[in-house]
């Protein structure tokens, strides 16, 4: 399984930000409400982050040497997948709300109620927390190289000094 690539997270964020901007433009032309998630979605985002941290610390504790119990390899694999999904979902949520906020910047001075702006900022912060959690928990699940791995050994130097190597 490949690790999370920060460049892909940025690509996803930018692409979804453009989609959020277009979606907001279309909904405002149709006189509809802004396509912003409700604040209650922060509870769901928080629960996902907490579960990801709990599973990540379990794998990290085992990796660091506290091996009282056998770690189920399927649990470790699922933790990595959850961490990656958390990072990408956070990038999507962050990008969507950035696109909406960018679309609404010209109208901020005309708004009487700035509650929806603060709601978008809170959801963007939640998205960034999900991205950070995903990246860190994925690193928890990475095993250090073992001494028996062929790539872990230092290369031996060839001694050519004092030997006649030329014909």
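The values are calculated or read from the model by the stated rules, or taken from the named source; none is laboratory data. Everything numeric here is computed off the predicted structure, so don't read it as measured data. Every residue, glycine as well, gets a Cβ built from its backbone with ideal geometry; the counts of neighbours run over all protein chains shown.
Descriptive notes on the structure:
- For region 39-50, residues that are in a helix (DSSP H, G or I) and touching a residue at least 60 places away in the same chain (Cβ under 8 Å) total 6.
- Every test in (1) in a helix (DSSP H, G or I); (2) closer than 30 Å to residue 1 by Cβ is passed by residue 70 save one, and that test is (1).
- Criterion applied to 92, 98, 80, 137 was being closer than 18 Å to residue 33 by Cα and modelled with pLDDT of 85 or more, and the one residue passing it is 98.
- So residue 82, is it in contact with a helix residue (DSSP H, G or I) (Cβ under 7 Å, 6 or more places away or on another chain) and within 28 Å of residue 8 (Cα to Cα): yes
- Condition met for residue 74 (surrounded by 14 or more Cβ atoms within 10 Å (Cβ to Cβ) and at pLDDT 90 or above): no
- Matching option when the condition is outside any helix (DSSP H, G or I) and in contact (Cβ under 8 Å) with a residue 24 or more places away in the chain, among 80, 36: 36
- The single residue among 96, 21, 53 that is within 23 Å of the chain's Cα centre (by Cα), touching a residue at least 12 places away in the same chain (Cβ under 8 Å), farther than 19 Å from residue 126 by Cβ and not in a loop (DSSP other than H, G, I, E, B) turns out to be 21.
- Summed over region 38-65, residues that are surrounded by 19 or more Cβ atoms within 10 Å (Cβ to Cβ) and farther than 29 Å from residue 144 by Cα total 1.
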